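Here is the structure we will look at.
No value in this document is a laboratory result; all are computed from the given coordinates. Computed from a predicted model, the values in this text were never measured in an experiment. No Cβ is skipped: glycine too gets one built from the backbone with ideal geometry, and neighbour counts run over all protein chains shown.
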Amino acid sequence: MRIEQHLEITLSESMDTELIELLQHSFPSIYPNRRYFKQLPHLRLIAYEDQRIIGQVGLDFRVMNMDGTPIHVLGIIDLCVREEVRGRGVGRALMEKVIALGEEYSIDFLLLFADRLDLYERIGFHAVSNTCTWLQINDENQTTRGIGEASFEEFMVRSVGDKRWTEGKLDLLGYLY
């Protein structure tokens with residue numbers, strides 16, 4: 001297995017087709033016929049076996065506002081692995097690369113919304129209960145619906161910089177992953 005880093009704007013048509021198939025298979029009830037759900041990520045880490053895509057994770061780099069303080073966040077979007085290779089460490093290898101990127105660059109926190117919190121707790125993430133504000137996007141017709149505000153049980157973070165996470169208000173300054 002090898003993992004490559006791809007800027008979203010560089011993805012080929014054949015990669016697009018493979019990613020759509022992988023995402024639709026991994027998230028069957030929610031994923032539209034495109035390689036993103038609400039918005040394109042800036043970067044993807046893609047795992048290959050030979051020339052075949054076997055896993056991927058999207059990354060979104062942005063500034064957010066935590067209780068009046070700007071923070072640099074690397075948002076983790078739609079980590080998924082082909083069913084037939086699950087259990088072989090593909091997802092963990094992708095996440096280790098994400099953590100390494102966060103530690104290498106000026107990132108304060110890694111942020112994600114998890115279906116299975118236990119998988120991410122093993123690699124240093126913890127659930128937080130911040131009240132979040134975000135731009136609501138209708139994923140079907142790709143329009144802005146308004147501003148949302150809520151807290152989420154599946155919201156997890158991992159510190160990779162020197163800042164400490166606080167339990168106050170978090171303005172995502174953009175869409176919800």
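Would segment 62-128 count as rounded, prolate or oblate if I go by the C-alpha gyration tensor, calling it rounded below 1.5 in a/c and otherwise prolate when a/b exceeds b/c, oblate otherwise? It is prolate, given that a/c is not under 1.5 and a/b is the larger ratio.
Positive contributions from Lys and Arg (+1) and negative ones from Asp and Glu (-1), summed over other residues with Cβ under 11 Å from the Cβ of Leu111, come out at 0. In sequence order, segment 151-163 has phi-based couplings of 10, 9, 5, 8, 7, 9, 9, 9, 6, 10, x, 8, 6 Hz under the Karplus curve 6.51 cos²θ - 1.76 cosθ + 1.60, θ = phi - 60°, and Gly or Pro positions carry x. Quick check: from the Cα gyration tensor, does segment 92-137 come out rounded (a/c under 1.5), prolate or oblate? Oblate, because a/c is 1.5 or more while a/b does not exceed b/c. For Cα extents along the principal axes in Å, the listed values are [x] 46, 36, 28; [y] 129, 48, 26; [z] 61, 38, 30; which was obtained by calculation from the structure presented? Of the listed options [x] 46, 36, 28; [y] 129, 48, 26; [z] 61, 38, 30, [x] comes from this structure. Which of rounded, prolate, oblate describes segment 1-72, given a ≥ b ≥ c as roots of the alpha-carbon gyration tensor eigenvalues and a/c under 1.5 marking rounded, otherwise prolate only if a/b is larger than b/c? Note, shape of segment 1-72 comes out prolate. Per residue, the average separation of C-alpha pairs within less than 8 Å and at least 6 apart gives the chain a relative contact order of 20 percent.
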